[in-house]
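Input: a single structure, listed below in structure tokens.
The values are calculated or read from the model by the stated rules, or taken from the named source; none is laboratory data. All values derive from a computational prediction rather than experimental measurement. Positions of Cβ are backbone-derived with ideal geometry, glycine not excepted, and every protein chain shown enters the neighbour counts.
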Amino acid sequence: MFKRSLFLSLLLAVSGSAQNLEDIFKKGKASGQLRAFWYDGDRELRIDRTALTLGGILSYQTAAMEGFSGAVSFFSSNGALPVTRMPYSGQTHNLNLDGSAINTLGEAYLQYTGHDTLLRYGRQRLDLPLANDYYNRMLPNSFEALYAENKSIAHTALKAAYITGWKYKASDTFVSPTRSLGIDRDIAVLGALYSPKSSLKIELYDTYVRDVMNAPYVQIVDNEICKLPEGTTFSAALQYLNEHSVGDKAAGEVDTYLFGLRGTVSQGAWSLSALYTRIGDQSLLGTGGRYENMGWGGFITYTDLQIDGESENAGAQAYGGILAYRPDSSFEISAKYMRIDQSDSTQSDPHSLTANPRPDSDEVNIDATYQPRKEMRLRTRLARVDYDSGSTSLYKAKAFDETNVRIIADYFF
């Protein structure tokens, strides 16, 4: 019913004049992002992985009339070199496992903006704790959804989303968010963002999936807890997520949590951050770490460095730090260290949602970003993961250390 009403409203808005209909396209805007991605991974006792991929996003948005507008985005990812096949588990229905090209209509939506309200219906990218675009490689996640946002209350943004389909970033197919469970259920999200001052942000969200789970989430970020006369600034962030099963419990008996802390001290071009994460007795659902259990979004933890990607496993504790140097707006370099202590007994439990014990690990990354002008950006990463093979019975006497290099070049227009 809503879909029919939205289309009818748009038709009524533009039908008064053929000239107006022509103008919304003439005055529309095309934009794009071209990307080249080089990846080279050297892995002990496992298959090395190397790939060069070219692609990007081409978008067009109409001009607005009476508050209505529309947009489409074409996503493309094409291997320029043979891609080493990567063994994924779980969401095989939603991954292009063979490295084949991805060419798909990632966004196609109608939008209304007015009266401090935004309504968007169709294929779109979202930015919600458990449903977001996870744009860390070639292409982002996207969703088939109805999204609403209202800012009529001072310092507050109220948000809501109803999600019926999900396209994982490495796929060209939209599927039900719960297809991996053999059922068809949608995602409902309610949220609020309160920012009484520019440095303080308080976020509250609730993600509900019928017969699967309910997951309230809170995050508090203060980018200026205190500022000393010498120009030193202290900032901090806290996050907490609780997930528990509801209804028919299609994903099993779910009862887990995430607790995270981040503290940062900044002085001039330098900053130093300390990070901590604690996960409950089950792995998190709905995030990048659990493709086989509905990984609708990117890793939510402060401690994720997107190489090891195991700080959301059952019983895991992760802690580390980031030292960053940013002399100006065009360049930044950072050194990152992360330690992840896994729980062999917890992850061996069938109720852990993984039943896959993982070894403890140390990870070091050196990241750099150079953007001499807004149209061009170059990012590089050198990463090393050292696994403690003796920390779990499953991987005893085996080494799975990995060194990899990533180079991402973007051109925006």
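Some points to look at:
- Scanning the range 307-319 turns up at least one residue that is at pLDDT 90 or above, over 21 Å from the mean Cα position of the chain (by Cα), within 30 Å of Thr178 (Cβ to Cβ) and not in a strand (DSSP E or B).
- Residues of the range 148-175 satisfying the condition of being of a type in the set (Gly, Ala, Ser), at pLDDT 95 or above and either farther than 30 Å from Lys197 by Cα or out of contact with any strand residue (DSSP E or B) (no Cβ under 8 Å at 6 or more places or on another chain) (or both): Ala154, Gly165
- The sole residue among Asp211, Asp116 that is on the phi > 0 side of the Ramachandran plot and touching an Asp or Glu at 6+ places or on another chain (Cβ under 6 Å) is Asp211.
- Search result, residues across the range 258-273 that are assigned to a strand (DSSP E or B), farther than 11 Å from Ala237 by Cβ and in contact (Cβ under 8 Å) with a residue 40 or more places away in the chain: Leu258, Trp270, Ser271, Leu272
- Among the residues of the range 326-361, those identified as in a loop (DSSP other than H, G, I, E, B), more than 19 Å from Leu305 (Cα to Cα) and modelled with pLDDT of 85 or more are Ser329, Ser330.
- The lone exception for Ser199 - which of (1) touching an Asp or Glu at 6+ places or on another chain (Cβ under 7 Å); (2) buried (at least 16 other Cβ atoms within 10 Å of the Cβ) it fails: (2)
- Among the residues of the range 119-163, those that are on the phi > 0 side of the Ramachandran plot and crowded, with 17+ Cβ neighbours inside 10 Å comprise Gly122, Tyr134.
- Selection count where residues are touching a Phe, Trp or Tyr at 6+ places or on another chain (Cβ under 8 Å), modelled with pLDDT of 90 or more and surrounded by fewer than 22 Cβ atoms within 10 Å (Cβ to Cβ), scope the range 275-297: 3
- Within the range 116-130, being in contact with a strand residue (DSSP E or B) (Cβ under 6 Å, 6 or more places away or on another chain) and in a strand (DSSP E or B) holds for Thr117, Leu118, Leu119, Arg120, Tyr121, Gly122, Arg123, Gln124, Leu128.
- Residue within the range 301-312 that is touching a helix residue (DSSP H, G or I) at 6+ places or on another chain (Cβ under 9 Å), surrounded by fewer than 20 Cβ atoms within 10 Å (Cβ to Cβ) and not small (Gly, Ala, Ser) present: no
- Some residue of the range 278-295 being of a type outside the set (A, V, I, L, M, F, W, C) and part of a strand (DSSP E or B): yes
- Hits in the range 57-70 - residues which are in contact with a strand residue (DSSP E or B) (Cβ under 7 Å, 6 or more places away or on another chain), in a strand (DSSP E or B) and touching a residue at least 40 places away in the same chain (Cβ under 8 Å): Ile57, Ser59, Phe68, Ser69, Gly70
- Checked against (1) within 25 Å of Thr256 (Cα to Cα); (2) among the aliphatic types (A, V, I, L, M); (3) modelled with pLDDT of 95 or more, Leu394 passes all but condition (3).
- Any chance Glu224 is part of a strand (DSSP E or B), over 21 Å from the mean Cα position of the chain (by Cα), under 24 Å from Ala269 (Cβ atoms) and among the charged types (D, E, K, R): yes
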